[in-house]
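**Q** I'd like to ask you about the structure that follows.
Here, each number is a calculation from the coordinates, and none is a lab measurement. For clarity, every value in this text was computed on a predicted model and none was experimentally measured. No Cβ is skipped: glycine too gets one built from the backbone with ideal geometry, and neighbour counts run over all protein chains shown.
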Amino acid sequence: MNLESEFAIQNSDIYKCPWCATAIQSSSEPFCSCLASERTLVCRDCDRCFCEAPAGWRKAFFRSSAAQAFRARNKSAQQATTRDLTVTPDSVQRPVILVVDDDRTVHLVAGRVLAEYPGTVLHAEDGERAFELAMEYQPDLVITDALLPKLDGRELAIRLKQTPETSDCKVAVITALYKGSRYRIEAINTFQVDDYIEKPVTPARLRQIVSEQLGLESAA
Ligand SMILES: [Zn+2]
Ligand SMILES: [Zn+2]
């Protein structure tokens with residue numbers, strides 16, 4: 001099967017949903033809110049996004065004009081919120097959630113979802129900076145990507161757990177790469193992570209992490 005011809009039915013503006021085969025028009029469908037820089041459309045018929053669609057389907061989609069327009073809009077939104085990525089120690093409120101990712105878009109999407117909860121959200125773009133912030137603020141929950149510059153997410157988890165000042169904080173590691181039960185068991189046993197989540201992470205999955213780790217329900 002040629003995925004690209006399956007994908008583009010007409011003028012690359014009308015696509016076939018990979019799950020329910022409904023024809024959808026890119027300009028009228030909303031984008032998903034998964035924690036990823038490359039997000040996809042949500043099918044109105046089956047309510048699923050295409051982040052888990054076959055690689056060929058996504059590749060063709062990311063080249064489309066709809067994806068390019070979304071990327072451009074997203075870029076200006078990121079620039080507008082960059083200054084909100086820091087908070088001073090005296091303005092911090094509990095619970096503190098620290099989001100660690102080297103992708104600005106992930107911070108933007110996670111920040112929107114986490115704004116439904118009381119408390120403060122901190123952002124770090126690499127593992128070393130995350131550890132510094134954790135020492136300073138003692139976050140209640142750290143949500144980190146596995147693959148990070150300097151110190152990776154799993155190493156960050158074990159370092160936090162083995163440091164008295166931060167050993168109580170819950171750590172959820174999100175991964176696109178180390179999938180499967182072998183890596184999950186290793187993450188929990190060797191790196192002492194509290195939750196190990198495979199990408200894509202939807203807003204619903206993010207709320208589930210907060211609920212399970214902090215016992216908090218969304219106010220939204
Ligand atoms: Zn998605
Ligand atoms: Zn569908």
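**Q** If you place +1 on the Cβ of every Lys and Arg, -1 on the Cβ of every Asp and Glu, and leave all else neutral, what size is the dipole of the chain about its Cα centre, to the nearest 20 Debye?
**A** 620 debye
**Q** Right, next: Among the GluC sites (Glu not before Pro) in region 149-220, which ones are in a DSSP loop with at most 16 other Cβ atoms within 10 Å of the Cβ? Mind listing them?
**A** Here the GluC sites (Glu not before Pro) that fit, given the DSSP loop and packing criteria, are 217.
**Q** Then there is this: Extending each Cα 7 Å along its Cβ direction at residue 135 and residue 38, get the distance between those two points in nm, one decimal.
**A** A separation of 3.7 nm, rounded to one decimal place.
**Q** Per residue of the chain, what 222 nm ellipticity follows from adding -39500 (n - 2.57) for every DSSP H run with n ≥ 4, rounded to the nearest 500?
**A** On the way: 8 runs with 83 residues, N = 220.
The per-residue figure over the chain is -11000 deg cm²/dmol.
**Q** Sort all Cα-Cα distances of the chain into consecutive 10 angstrom bins from zero, then give the percent of pairs in each bin up to the one containing the longest distance.
**A** Once binned at 10 Å, the Cα pair distances of the chain give 8, 31, 32, 20, 8, 1.
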